[in-house]
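Rule-based calculations on the coordinates, nothing more; no lab input. On a predicted model such as this, the values are computed, not experimentally measured, just so you know. Here the Cβ positions follow ideal geometry from the backbone for every residue, glycine too, while neighbour counts run over all protein chains shown.
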Amino acid sequence: MKAFFGRPWAQIAVVAMVATAFVAAAQTPQPAAQPQQQERQEKEPAKDEPITAAPVDPKTYKIGAQDQLSIRVWRENDLSSIVVVRPDGKITLPLAGEIEAAGLTPEQLTVKVTEALSKFLNKPEVIISVTSVQSKRYYLSGNVGRSGPVPLVTPTTILQALSAAGLGQWAKKGKIVIMRGTERIKFNYDEVIKGKKLEQNIYLQDGDHIYVP
């Protein structure tokens, strides 16, 4: 062995072997750092993701059946949820149980849910908002640009409804009728836009049907 390593060409061969092994180790691909964990984090939605509320007044809007509500309990994700008011006007929440929601404003319902949760939590902070109005709507038909049901989210006049829907080219603007139950209310579009007889530009009610001949 002494004779082998004592020769110059043998020493060069050993150095070359060590260098080759070092380069090969450096080029070996390393496993990706926890790819499954990264993929899981990308797919999981954030629990505190903001909820878009419908433009209703929480002090005056009356909740109805089929309305969608966002129930947020501060620092209690398990108690926070999106619920739809049942046909009987009630909602069911964890801990709070069954609560009558129809006929209440979001602010009134917030107080009611807070009182129910106070039996189990210390000073719960509850935020309730309407995310989708489905209980109140009016209808458009006839010679209009867009017909069908329209959610009645905010106070809306006949003129506002017609402006949003658009009138057909051959619409008889002076003979528009609003059907409200058994009542028939006449509306003259041309007069109102000219500032005449503005009293006929009333606010729509839930279930009103605007017909444009």
Legend entry - Cα gyration tensor shape for the stretch 76-211, rounded if a/c is under 1.5, else prolate or oblate: prolate
Inset, instruction - Between beta-carbons, use under 15 Å as the cut-off and find the net charge around Glu98, counting Lys and Arg +1, Asp and Glu -1. - result: +1
Legend entry - Glu183/Gln66 FRET efficiency (R0 30 Å; Cβ-Cβ; nearest 0.05): 0.75
Legend entry - Pairwise label distance in nanometres, Ser141 with Val153, each label 7 Å out on the Cα-Cβ vector: 2.5
Inset, instruction - Would you mind checking Lys59/Lys112; Lys172/Lys197; Lys62/Lys173; Lys59/Lys136; Lys175/Lys196 for any pair whose Cα atoms are more than 22 angstrom apart? - result: Lys62/Lys173
